[in-house]
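Trainee: Dumping the structure here so I can ask a few things about it.
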Amino acid sequence: MTIVYALLSLAFAGVNDVVFRGYGRERRPVGLFVCLVGVVWTSVFLVLGAVRGTLDFSAPAVALGGVSGVLSAVANLLLVEMMKKTGATVAATIYRLNLVFVAVIAFIFLGEVVTGYKLVALVCAVVAVLLFANGGASRTTLDKYILILVGASFLRACMGICYKVASNLAVSSEVFLAINGVCWLVAGGVYFLWRQERALPCGRSVFGYALLSGFLICGIVLFMKLAVSVGDASVAVTISQFSFLVTCPVAVVVLKEKCTAKQLAGITLATVCVVLFAHG
């Protein structure tokens, strides 16, 4: 079931990537968007927990939720800033290589088994992500901002490890995920004020995009939590990074973007990676 849950997380992430692209086509406030996503995120899991009677605000649930939420929010906001400096494709590619950090941390600190299938799958994963890097920033620009992007990637990897640790400790998933949403709410508000985005257009489209993205992100994190609960973090997180398997075809159909030979090769390798993990 780890593969199934990870693929479901991937599917939600792929659609959400397209929503992000649509939102970014016009100058709109990023901080407000993140804040509103946090409102939806928090509300969904608080309601879900109340209905299921699982709102146990234990110290580990709140602490791990807070740590992973801060890591996630900071990583994503750093990614947004670096996209402005290096270009979206280059930044997103380096960011998605957090799967390498996750695998190494999981193998060393969580005692996950290293198999030949997993190692080959990991190599396929890295190559697949790199194939989606079609340039965009000069070497000089990358040299200047590469450490920040690698740092953001590492923070995102640590967030994934927090999900696994929370599962190992059997804390309330609803509380853990709701606290993550609170962190996005706060971080988005701070970013909105810090970047002085109040001058940017705040029409109804901002709220519409945030509502849609909020529900999609709830699907991403819910199935990610389920995936790491029943399997290895190195498998679940790596597969979840292949959102381009969904983003690419949806973008071609909906946004009329072109799909290159490199992207098709990347999709093929990503598929091979999933199959190898399923056997490993």
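Every read-out reported here was derived from the displayed coordinates using simple, explicitly stated rules and does not represent laboratory data. Nothing here was measured: the structure is a model prediction, and the numbers come from that model. Quick reminder, even Gly has a Cβ in these numbers, built from the backbone with ideal geometry, and neighbours come from all protein chains shown.
Trainee: Taking R0 as 25 Å, what's the FRET efficiency between residue 47 and residue 193 from their Cβ-Cβ distance, rounded to 0.05?
Mentor: Details: r = 28 Å, r/R0 = 1.12.
Rounded to the nearest 0.05, the efficiency is 0.35.
Trainee: Right, another one. Project the alpha carbons of the stretch 23-126 onto their principal axes and report the range along each, largest first, in whole Å.
Mentor: 43, 40, 20
Trainee: In addition: May I ask which residue of 220, 192, 15 lies farthest towards the positive end of the charge dipole of the chain, with charges of +1 (Lys, Arg) and -1 (Asp, Glu) on Cβ and the Cα centre as origin?
Mentor: The Cα lying farthest towards the positive end belongs to 192.
Trainee: Here is a follow-up. Plugging the Kirkwood radius over Cα pairs into Stokes-Einstein for the stretch 1-69, at a temperature of 4 °C and a viscosity of 1.567 mPa s, what D comes out in µm²/s?
Mentor: Once the numbers are plugged in, D ends up at 88 µm²/s.
Trainee: About the Cα centre of the stretch 14-129, how large is the charge dipole given +1 on each Lys and Arg Cβ and -1 on each Asp and Glu Cβ? Please answer in debye to the nearest 20.
Mentor: Charge dipole of the stretch 14-129: 400 debye, to the nearest 20.
Trainee: Let me ask another. Considering only 41, 3, 54, whose Cα is most displaced toward the positive end of the charge dipole of the stretch 1-62, charges sitting on Cβ of Lys, Arg (+1) and Asp, Glu (-1)?
Mentor: About the Cα centre, the residue reaching furthest to the positive side is 41.
Trainee: While we're on this one: Helix hunt in the chain: which complete DSSP H runs extend at least 20 Å axially by C-alpha with mean Kyte-Doolittle at least 1.6? Could the numbers behind the result be given before it?
Mentor: Working: long enough: 2-24 (32 Å, 1.17); 30-52 (33 Å, 2.20); 59-86 (39 Å, 1.18); 116-131 (23 Å, 2.41); 139-168 (43 Å, 0.73); 173-194 (31 Å, 1.47); 204-230 (40 Å, 1.77); 261-279 (27 Å, 1.51).
Taking the DSSP H segments of the chain (at least 20 Å long, mean hydropathy at least 1.6), we get 30-52, 116-131, 204-230.
Trainee: What distance in nm lies between label points placed 7 Å from Cα along the C-beta direction at residue 85 and residue 211?
Mentor: For residue 85 paired with residue 211, the spin-label model returns 3.6 nm.
Trainee: For the stretch 150-280, what class follows from the C-alpha gyration tensor (a ≥ b ≥ c being the square roots of its eigenvalues): rounded when a/c is under 1.5, otherwise prolate if a/b is larger than b/c, else oblate? Show your work: numbers first, answer last.
Mentor: Working: a/c = 2.11, a/b = 1.13, b/c = 1.87.
Cα axes put the stretch 150-280 in the oblate bin.
Trainee: No partner Cβ under 4.7 angstrom, meaning no disulfide-compatible partner by this rule: which Cys of the chain qualify?
Mentor: So far as the 4.7 Å Cβ criterion goes, 35, 158, 162, 183, 202, 218, 248, 259 stand without a partner in the chain.
Trainee: Compute the length gained on full extension between residue 170 and residue 1: take 0.36 nm times their separation in residues and subtract their Cα-Cα distance, giving the result in nm to one decimal. Before the final figure, lay out the partial values.
Mentor: Details: separation 169, 0.36 × 169 = 60.84 nm, distance 1.80 nm.
Between residue 170 and residue 1, full extension yields 59.0 nm more.
Trainee: Students often check this: by mean Cβ neighbours within 10 Å, which of 197-205, 39-47 ranks highest, and how do the rest follow? Intermediate values should be presented prior to the final figure.
Mentor: On the way: 197-205: 12.0, 39-47: 20.1.
Highest to lowest by the protection proxy: 39-47, 197-205.
Trainee: A further question follows. Between residue 254 and residue 204, what length in nm is gained on full extension when 0.36 nm per residue of separation is reduced by their alpha carbon distance? It would help to have the intermediate numbers written out before the result.
Mentor: On the way: separation 50, 0.36 × 50 = 18.00 nm, distance 2.13 nm.
Length difference between fully extended and current span is 15.9 nm.
Trainee: Right, next: Explain nothing, just the number: relative contact order of the chain, from Cα pairs under 8 Å at least 6 residues apart, as a whole percent. Provide the component values of the computation, followed by the final result.
Mentor: Numbers: 441 pairs, mean separation 128.8, N = 280.
Averaging sequence separation for qualifying contacts and normalising by length gives 46 percent for the chain.
Trainee: Can you list the residues of the stretch 198-212 with backbone N under 16 Å from a point 7 Å past the Cα of residue 27, pointing along Cα to Cβ?
Mentor: The answer is 198-203, whose backbone nitrogens lie closer than 16 Å to the label point.
Trainee: Of (i) 126; (ii) 144; (iii) 169, which is the value of volume of the Cα convex hull per residue in Å³ derived from the coordinates here?
Mentor: (i)
Trainee: Suppose every K and R has +1 on its Cβ and every D and E has -1 on its Cβ; what is the size of the dipole of the chain about the Cα centre, in Debye to the nearest 20? Working shown, then result.
Mentor: Working: 20 positive and 10 negative charges, 161 e Å.
I would put it at about 780 debye.
Trainee: Where the only charges are on Cβ atoms (+1 Lys, Arg; -1 Asp, Glu), what is the dipole of the stretch 198-271 about its Cα centre, to the nearest 20 debye?
Mentor: On the way: 6 positive and 2 negative charges, 64 e Å.
Here the stretch 198-271 has a charge dipole of around 300 debye.
Trainee: Report the residue, chosen from 213, 72, 172, that carries the largest GNM mean-square fluctuation when the chain is represented by alpha-carbon nodes joined by springs under 10 Å.
Mentor: Among 213, 72, 172, the largest mean-square fluctuation in the Gaussian network model of the chain belongs to 172.
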